[in-house]
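Asker: This is the structure, below, for whatever I ask next.
The values are calculated or read from the model by the stated rules, or taken from the named source; none is laboratory data. In this text the structure is predicted, and so the values were computed from the model without any measurement. Positions of Cβ are generated from backbone atoms using ideal geometry, with glycine treated the same way; all protein chains shown enter the neighbour counts.
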Amino acid sequence: MAAMTHDTRTNTQWGTGLGLAVLSASAFGLSGPLGRGLMETGWSAAAAVAARVLLAGLVLAPFAVLQLRGRTHLLRRNAGVVVGYGLVAVAGCQLAFFNAVARMEVGVALLVEYTAPVAVVGWLWLRHHQRPGRLTVLGALLAVVGLLLVLDLLSGARANVAGILWALGAMVGAAAYFVLSAREEDGLPGTALASGGLLLGGLVLLLAGAVGLVPFTASTAPAAFDGFTAPWWVPVVLLGVVTAALGYATGIAAIRRLGARLASFVALTEVLAALVFAWLLLGEAPRPVQLLGGVLTLLGVVVVRLGERRP
């Protein structure tokens with residue numbers, strides 16, 4: 001009976017984690033098309049990211065305060081994790097990604113960024129001796145092949161060296177996001193990690209813009225999308241509340257249920273969500289080979305899931 005109860009709790013945890021991971025990936029997938037719409041009206045990448053993460057941090061702050069009530073020592077004890085999360089996983093990752101989508105198609109930028117699961121697998125193997133099994137390796141290969149098809153450079157997808165370099169920087173930040181979000185042994189609530197990291201990342205971007213390290217411009221002109229326009233504040237609110245606050249909060253919750261390795265592969269569905277949103281908002285219709293790549297990517301995620309050891 002005890003074993004059956006444990007199995008039920010484990011299956012429920014994994015099912016909930018999977019749902020949260022897909023919700024998080026879908027929310028993140030909306031950020032690129034919305035960010036492109038803002039940047040084409042005169043917003044710099046740093047300004048768009050700062051507005052996004054600061055708003056998200058403020059939205060999550062009340063929930064973090066409630067969870068930390070009487071346990072503020074957890075925040076002090078994990079200050080290094082929060083700082084690393086804010087500087088690398090939030091500010092660095094998002095700034096690099098927005099600079100990438102300013103130079104190439106959203107789906108291509110996401111392809112490069114989301115080689116992060118391979119980096120996560122390598123890190124867990126080298127640092128924590130969590131050697132991947134055969135199914136995990138097979139799933140990773142399928143996912144990489146799928147992403148290469150999504151890239152589809154031979155069919156005219158727009159990419160350049162500077163954009164790819166920025167996307168690689170986003171990949172490092174994304175890998176740090178999965179690894180740091182998986183830390184729950186210190187007891188820091190996920191909303192506290194997200195809110196603290198988002199606020200810190202936003203303040204760093206504001207400071208960088210103030211001293212001239214990065215271009216920092218904004219505009220109140222309407223944002224133009226495929227076939228319609230919207231007031232500037234609409235994409236800003238959506239970026240902050242949906243693509244960041246919801247995305248990071250559900251993402252951390254998912255990672256702590258699934259583990260960094262599996263969650264990083266489930267997060268590859270962000271690429272598919274981004275392709276759909278780019279089609280709807282920017283008119284960037286996915287090509288047949290990209291759709292085939294999406295199917296292979298999802299198949300790779302399923303194989304990685306089958307290769308994960310049950311906790």
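Asker: Here are the criteria: (1) more than 30 Å from A278 (Cα to Cα); (2) out of contact with any Phe, Trp or Tyr (no Cβ under 6 Å at 6 or more places or on another chain). Tell me which single one A116 does not satisfy.
Answerer: Only one criterion is unmet by A116, namely (1).
Asker: Which numbered condition trips up W43, out of (1) surrounded by 24 or more Cβ atoms within 10 Å (Cβ to Cβ); (2) in a helix (DSSP H, G or I)?
Answerer: (2)
Asker: If you don't mind, another one. Check off (1) under 18 Å from Y248 (Cβ atoms); (2) buried (at least 20 other Cβ atoms within 10 Å of the Cβ); (3) under 14 Å from the mean Cα position of the chain (by Cα); (4) not acidic (D, E) for A167 and give me the number that stays unchecked.
Answerer: (1)
Asker: Sticking with this structure for a sec: Report whether or not A21 is touching a Ser or Thr at 6+ places or on another chain (Cβ under 9 Å), more than 23 Å from I255 (Cα to Cα) and assigned to a helix (DSSP H, G or I).
Answerer: On the way: touching a Ser or Thr at 6+ places or on another chain (Cβ under 9 Å): yes; more than 23 Å from I255 (Cα to Cα): no; assigned to a helix (DSSP H, G or I): yes.
So A21 does not fit the description; no.
Asker: Part of a helix (DSSP H, G or I), closer than 21 Å to A56 by Cα and modelled with pLDDT under 85: which single residue out of F178, F98 fits that description? Steps first, please.
Answerer: On the way: F178 fails: modelled with pLDDT under 85.
The conditions single out F98.
Asker: Can you run down the residue pairs with Cβ atoms below 8 Å, 6 or more apart or on separate chains, where the first is in region 41-67 and over 13 Å from A208 (Cα atoms) and the partner is assigned to a loop (DSSP other than H, G, I, E, B) and among the β-branched types (V, I, T)?
Answerer: From residues that are over 13 Å from A208 (Cα atoms), the pairs are G42/T217; W43/T217.
Asker: Hey, does region 268-286 have a residue that's in contact with a strand residue (DSSP E or B) (Cβ under 6 Å, 6 or more places away or on another chain) and either buried (at least 24 other Cβ atoms within 10 Å of the Cβ) or β-branched (V, I, T) (or both)? Full working, then the answer.
Answerer: The initial filter retains those residues of region 268-286 that are in contact with a strand residue (DSSP E or B) (Cβ under 6 Å, 6 or more places away or on another chain), namely 281.
Those still in the list that are either buried (at least 24 other Cβ atoms within 10 Å of the Cβ) or β-branched (V, I, T) (or both) too: none.
The answer is no; no qualifying residue exists.
Asker: While we're on this one: Could you list, in sequence order, all residues of region 278-298 that are in a helix (DSSP H, G or I), over 22 Å from F178 (Cβ atoms) and either in contact with a His (Cβ under 7 Å, 6 or more places away or on another chain) or of a type in the set (A, V, I, L, M, F, W, C) (or both)? Before you say what the answer is, go through the steps one by one.
Answerer: Here is the first cut: in region 278-298, the ones in a helix (DSSP H, G or I) are 278-282, 288-298.
Within this subset, residues satisfying the condition of being over 22 Å from F178 (Cβ atoms) are 278-282, 288-292, 295.
A278, W279, L280, L281, L282, V289, L291, L292, V295 - these are the residues of region 278-298 that are in a helix (DSSP H, G or I), over 22 Å from F178 (Cβ atoms) and either in contact with a His (Cβ under 7 Å, 6 or more places away or on another chain) or of a type in the set (A, V, I, L, M, F, W, C) (or both).
Asker: Out of the residues in region 35-55 that are farther than 17 Å from L198 by Cβ and aliphatic (A, V, I, L, M), which is modelled with the highest pLDDT?
Answerer: Within region 35-55, the first condition is being farther than 17 Å from L198 by Cβ, and the residues that meet it are 36-44.
Remaining after also requiring aliphatic (A, V, I, L, M): 38-39.
Numbers: L38: 90, M39: 87.
Once the filter is applied, the top-ranked residue is L38.
Every residue, every condition in (1) hydrophobic (A, V, I, L, M, F, W, C); (2) over 23 Å from W14 (Cβ atoms), yes or no:
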| site | (1), (2) |
| --- | --- |
| L246 | yes, no |
| A253 | yes, no |
| S264 | no, no |
| T269 | no, no |
| P286 | no, yes |
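Asker: Another question about this same structure. Is one or more of the residues making up region 257-274 over 16 Å from the mean Cα position of the chain (by Cα), part of a helix (DSSP H, G or I) and not acidic (D, E)? Outline the logic, then answer.
Answerer: Filtering region 257-274 for residues over 16 Å from the mean Cα position of the chain (by Cα) gives 257.
Those still in the list that are part of a helix (DSSP H, G or I) too: 257.
Narrowing further to those that are not acidic (D, E): 257.
Yes.
Asker: Among the residues of region 222-239, is there at least one that is over 18 Å from V90 (Cα atoms) and either touching a Cys at 6+ places or on another chain (Cβ under 9 Å) or of a type in the set (D, E) (or both)? Outline the logic, then answer.
Answerer: The initial filter retains those residues of region 222-239 that are over 18 Å from V90 (Cα atoms), namely 222-235.
Okay, now just the ones that are also either touching a Cys at 6+ places or on another chain (Cβ under 9 Å) or of a type in the set (D, E) (or both), so 226.
Yes, the conditions are met somewhere in region 222-239.
Asker: Give the residue that is nearest to the chain's Cα centre (by Cα), with candidates limited to residues of region 223-237 that are part of a loop (DSSP other than H, G, I, E, B) and exposed (fewer than 13 other Cβ atoms within 10 Å of the Cβ). Write out each step before concluding.
Answerer: Start the filter on region 223-237 by keeping residues that are part of a loop (DSSP other than H, G, I, E, B), which leaves 226-227, 231-232.
Now narrow it down to the ones that are exposed (fewer than 13 other Cβ atoms within 10 Å of the Cβ): 227, 231.
On the way: G227: 27, P231: 25 Å.
Ranking the candidates gives P231 first.
Asker: Looking at this structure, is T220 surrounded by fewer than 17 Cβ atoms within 10 Å (Cβ to Cβ) and in contact with a Phe, Trp or Tyr (Cβ under 6 Å, 6 or more places away or on another chain)? If you could, list the steps in order and put the result at the bottom.
Answerer: Working: surrounded by fewer than 17 Cβ atoms within 10 Å (Cβ to Cβ): yes; in contact with a Phe, Trp or Tyr (Cβ under 6 Å, 6 or more places away or on another chain): yes.
In short, yes.
Asker: Also, quick follow-up: Confirm whether G247 is on the phi > 0 side of the Ramachandran plot, small (G, A, S) and either at pLDDT 90 or above or out of contact with any strand residue (DSSP E or B) (no Cβ under 8 Å at 6 or more places or on another chain) (or both). Step through it out loud before you land on a result.
Answerer: Working: on the phi > 0 side of the Ramachandran plot: no; small (G, A, S): yes; either at pLDDT 90 or above or out of contact with any strand residue (DSSP E or B) (no Cβ under 8 Å at 6 or more places or on another chain) (or both): yes.
No; evaluated as a whole, the condition is false for this residue.
Residue-wise test of (1) more than 18 Å from L258 (Cα to Cα); (2) over 17 Å from the mean Cα position of the chain (by Cα); (3) of a type outside the set (A, V, I, L, M, F, W, C); (4) surrounded by fewer than 21 Cβ atoms within 10 Å (Cβ to Cβ).
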{"residue": "L111", "(1), (2), (3), (4)": "yes, no, no, no"}
{"residue": "A116", "(1), (2), (3), (4)": "no, no, no, no"}
{"residue": "L124", "(1), (2), (3), (4)": "no, yes, no, yes"}
{"residue": "R127", "(1), (2), (3), (4)": "yes, yes, yes, yes"}
{"residue": "R131", "(1), (2), (3), (4)": "no, yes, yes, yes"}
{"residue": "L135", "(1), (2), (3), (4)": "no, yes, no, yes"}
{"residue": "L138", "(1), (2), (3), (4)": "yes, yes, no, yes"}
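Asker: Give me the pairs: first residue in region 206-230 and under 14 Å from E40 (Cβ atoms) and free of Cβ contacts under 8 Å to residues at least 60 places away in the same chain, second residue part of a helix (DSSP H, G or I) and of a type in the set (A, V, I, L, M, F, W, C), beta-carbon distance under 8 Å, and six or more apart or on different chains, which are they?
Answerer: Once the first residue is under 14 Å from E40 (Cβ atoms) and free of Cβ contacts under 8 Å to residues at least 60 places away in the same chain and sits in region 206-230, its partners that are part of a helix (DSSP H, G or I) and of a type in the set (A, V, I, L, M, F, W, C) give D226/L280; D226/L281; D226/L282.
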